[in-house]
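Asker: One structure is given below, represented as structure tokens, and several questions about it will come after.
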Amino acid sequence: MTDDNMIQIRIHGRGGQGVVTAAELITIAAFKSGLQAQAFPSFGVERTGAPVESYVRLDDQPIILREQIYQPNVLIIQDVSLLDSVDITKGADKKTIIIINTAKTKENLKINLPKANIYTIDATKIALEIIGKNIVNTVILGALAKVTGIINLESLKSAITEKFSGNASIIDKNIKAVEKAYEK
């Protein structure tokens, strides 16, 4: 049985897009904000480009639950093409916040959930412009911080600095990309 205060996040993407790293960054940022945090991936022998899921749980109490996330509070979709091939919205309801990397507007997406809690961001454009690669995981986390307030921008920037320590260029580019996404 999950705690009513627990926040459960499911991240969908493809192998090589940093889905696992996104989950790790959320947990580091949440931990820096005083929350308990848990992150874990779900994949087998997938190769680059195959669908991948990662999970995050956040709470102000110790987290003892150890299973996949079946009813997410938040869905992060790093690759919009997955909407056509994977049942990404399984377990979501009208309260689930959905953040999607796409240049399309939410009205033009085929999702059978209320559009009020769907947020789109062209994270690919921001990633290519600032990072120079189509790796959108940190970019979309800037949108997560803005839309939900689950993690704050300063904790996220601190998590990026910690995760990528030793590579000032990667840290700088990712922080700039996160800030741009947060502003949108």
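Asker: Go through (1) over 17 Å from the mean Cα position of the chain (by Cα); (2) under 22 Å from Ile160 (Cβ atoms); (3) at pLDDT below 90 one by one and return the number of the condition Gln36 breaks.
Answerer: With (1) over 17 Å from the mean Cα position of the chain (by Cα); (2) under 22 Å from Ile160 (Cβ atoms); (3) at pLDDT below 90 applied to Gln36, the lone miss is (3).
Asker: While we're on this one: Would you check if there is a residue in segment 47-60 being farther than 23 Å from Ser158 by Cβ, touching a Ser or Thr at 6+ places or on another chain (Cβ under 7 Å) and part of a helix (DSSP H, G or I)?
Answerer: Within segment 47-60 (the criterion being farther than 23 Å from Ser158 by Cβ, touching a Ser or Thr at 6+ places or on another chain (Cβ under 7 Å) and part of a helix (DSSP H, G or I)), the answer is no, since none of the residues qualifies.
Asker: For segment 139-161, check the following and say yes or no: at least one residue is farther than 26 Å from Asp60 by Cα, under 17 Å from the mean Cα position of the chain (by Cα), surrounded by 19 or more Cβ atoms within 10 Å (Cβ to Cβ) and of a type in the set (D, E, K, R).
Answerer: Taking every residue of segment 139-161 in turn, none turns out to be farther than 26 Å from Asp60 by Cα, under 17 Å from the mean Cα position of the chain (by Cα), surrounded by 19 or more Cβ atoms within 10 Å (Cβ to Cβ) and of a type in the set (D, E, K, R).
Asker: Test Ile99 against the criterion of being in contact with a Phe, Trp or Tyr (Cβ under 6 Å, 6 or more places away or on another chain), part of a helix (DSSP H, G or I) and without any contact (Cβ under 8 Å) to a residue 60 or more places away in the chain, and give yes or no. Can you show your working first?
Answerer: Details: in contact with a Phe, Trp or Tyr (Cβ under 6 Å, 6 or more places away or on another chain): yes; part of a helix (DSSP H, G or I): no; without any contact (Cβ under 8 Å) to a residue 60 or more places away in the chain: yes.
Judged against the criteria, Ile99 is not a match.
Asker: Check whether at least one residue in segment 94-101 is within 20 Å of Ile160 (Cα to Cα), modelled with pLDDT of 90 or more, among the basic types (Lys, Arg) and in contact with a helix residue (DSSP H, G or I) (Cβ under 9 Å, 6 or more places away or on another chain), and report yes or no.
Answerer: There is no residue in segment 94-101 that is within 20 Å of Ile160 (Cα to Cα), modelled with pLDDT of 90 or more, among the basic types (Lys, Arg) and in contact with a helix residue (DSSP H, G or I) (Cβ under 9 Å, 6 or more places away or on another chain).
Asker: Take the residues in segment 1-32 that are in contact with a Phe, Trp or Tyr (Cβ under 8 Å, 6 or more places away or on another chain) and modelled with pLDDT of 95 or more, then tell me which one is surrounded by the most Cβ atoms within 10 Å (Cβ to Cβ).
Answerer: Ile11
Residue by residue, here is whether (1) more than 22 Å from Ala37 (Cα to Cα); (2) touching a helix residue (DSSP H, G or I) at 6+ places or on another chain (Cβ under 7 Å); (3) aromatic (Phe, Trp, Tyr) holds:
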position: Thr89; (1), (2), (3): yes, no, no
position: Ile118; (1), (2), (3): yes, yes, no
position: Ala123; (1), (2), (3): yes, yes, no
position: Asn137; (1), (2), (3): no, yes, no
position: Ala181; (1), (2), (3): yes, yes, no
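Asker: Would you please list the contacts, defined by Cβ atoms under 7 Å and residues six or more apart or on different chains, that run from a residue in segment 149-171 that is farther than 17 Å from Gly18 by Cβ to a residue that is outside any helix (DSSP H, G or I) and hydrophobic (A, V, I, L, M, F, W, C)?
Answerer: Ile150/Ile7; Ile150/Leu58
The values are calculated or read from the model by the stated rules, or taken from the named source; none is laboratory data. None of the values given here were measured: they were computed from a predicted structure. All Cβ positions, even for glycine, are placed from backbone atoms using ideal geometry, and neighbour counts span all protein chains on display.
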